[in-house]
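Colleague: This structure is in structure tokens; I'll ask about it shortly.
Read-outs: derived from the displayed coordinates by stated rules, not from any lab. Since the model is a prediction, treat every value here as computed from it, not as a measurement. Heads up, the Cβs are rebuilt from the backbone with ideal geometry, glycines too, and the neighbour counts pull from every protein chain shown.
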Amino acid sequence: MLTRRTLISSMVLAIGTRPSLAEPTTHHVDIMGFQFTPKLLTVSSGDRVVFTNRDVVPHTASAVDGSWGSVDLSNGAQWSLEVVRRGNLDYYCQHHPVMRGTLISS
């Protein structure tokens, strides 16, 4: 038979050991000087990454594997990505393939 004290202790233990549900974080990547800044960014699944073009020429942010990508971003334009996969997510600019970055998703 459970006593009131045992029941309350069990409830506190169950609540205290429940995994926390962290809120998604919004990260920012600037595109300027023909590079992504930061070039390497650690994110979590569910986070959002906002890419902002600060160059005078259009750029894109596109996955190397083709799984996601922005439209052409003119100066001042933004595009956001919700991270849904884990692992290294390499991306580049379709207009300037030497421009590369990586999202490290855990």
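Colleague: Taking 8 Å as the Cα distance limit and 6 or more residues as the minimum spacing, I'd like the relative contact order of region 34-106 as a percentage.
Modeller: Details: 157 pairs, mean separation 30.3, N = 73.
The value is 41 percent.
Colleague: Considering every Cα-Cα pair within region 24-105, what fraction, in whole percent, is farther apart than 23 Å? Walk me through the numbers on the way to the answer.
Modeller: Values: 341 of 3321 pairs.
Cα-Cα pairs of region 24-105 separated by over 23 Å account for 10 percent.
Colleague: Can you pull out the trypsin sites (Lys or Arg not before Pro) in region 41-106 that DSSP calls coil and that have at most 16 other Cβ atoms within 10 Å?
Modeller: Arg54, Arg85, Arg86
Colleague: I want to check the label-to-label distance for Asn75 and His96. Put each point 7 Å from Cα in the C-beta direction and report it in nm to one decimal.
Modeller: Between Asn75 and His96, the label points sit 1.4 nm apart.
Colleague: Still on this structure, I have one more. For Ser44, what residues show an amide H to amide H distance below 5 Å, using hydrogens built from the backbone and excluding near sequence neighbours?
Modeller: Ser106
Colleague: Could you give the length gained by full extension between Trp68 and Val50, i.e. 0.36 nm per residue of separation minus their alpha carbon distance, to one decimal place?
Modeller: Answer, rounded to one decimal: 5.1 nm.
Colleague: If you don't mind, another one. Rounded to the nearest 5, what % of the DSSP beta bridges within region 24-105 are antiparallel ones? Walk me through the numbers on the way to the answer.
Modeller: Details: 18 of 28 bridges.
Here the antiparallel bridges make up roughly 65 percent for region 24-105.
Colleague: How large is ³J(HN,Hα) for each residue in region 67-78, as worked out from phi by the Karplus curve 6.51 cos²θ - 1.76 cosθ + 1.60 (θ = phi - 60°), to whole Hz, x for Gly and Pro?
Modeller: 6, 7, x, 8, 7, 4, 9, 7, 3, x, 6, 10
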